[in-house]
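The structure appears right after this line, and notes come after that.
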Amino acid sequence: MTPSLKDWVGLHKVYAELYGASAKTIWYRTPMIWAHVARPSPKHQAEMTRMVTEKMAAAWESYWAVSLEMMRLNAAMLAKASTAVPVAAARPASRRAKANARRLSARARRR
């Protein structure tokens, strides 16, 4: 079974959302990192800690999502794995990146 157009579109959608939200998060966090370097504060330290722990959690979620997806696949579905596995891997990171982008842009608008 080969991947359908819908599978490929879904794959590209997940990765486009991940890249867009990641860029937005980097945009907001870069000045925070520099501010923390220049003048450390508990507020900035909390964001730095959150940044690291979220990445670790997203990596583990992606690892387990890929593991589960690979177990679900059987020999007849291996062709579909070309899109199902990367989508399963990207979803946790994409979800967190979008949440960060929303949270950080809302914080920037309140200033």
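Numbers for the structure displayed
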{"read-out": "Qualifying positions in region 28-40 - without any contact (Cβ under 8 Å) to a residue 40 or more places away in the chain and either surrounded by 11 or more Cβ atoms within 10 Å (Cβ to Cβ) or in a helix (DSSP H, G or I) (or both)", "value": "30, 31, 32, 33, 34, 35, 36, 37, 38, 40"}
{"read-out": "Restricting region 68-87 to residues that are at pLDDT 80 or above and under 13 Å from residue 3 (Cα atoms), the residue that is surrounded by the fewest Cβ atoms within 10 Å (Cβ to Cβ)", "value": "86"}
{"read-out": "Selected residue (only one of 58, 108, 65, 90 is out of contact with any His (no Cβ under 6 Å at 6 or more places or on another chain), touching a residue at least 60 places away in the same chain (Cβ under 8 Å) and open to solvent by less than 30 Å² (accessible area, probe 1.4 Å))", "value": "90"}
{"read-out": "Leading residue by the ranking (surrounded by the most Cβ atoms within 10 Å (Cβ to Cβ)) among those in region 8-19 that are touching a residue at least 40 places away in the same chain (Cβ under 8 Å) and over 8 Å from residue 94 (Cα atoms)", "value": "11"}
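The values are calculated or read from the model by the stated rules, or taken from the named source; none is laboratory data. Please read these numbers as outputs of a predicted model, since none were measured by experiment. All Cβ positions, even for glycine, are placed from backbone atoms using ideal geometry, and neighbour counts span all protein chains on display. The protein model used for the area step is the full one, side chains on, heavy atoms only, and it has no ligands, DNA or RNA in it. Shrake-Rupley method; radii C 1.70, N 1.55, O 1.52, S 1.80 Å.
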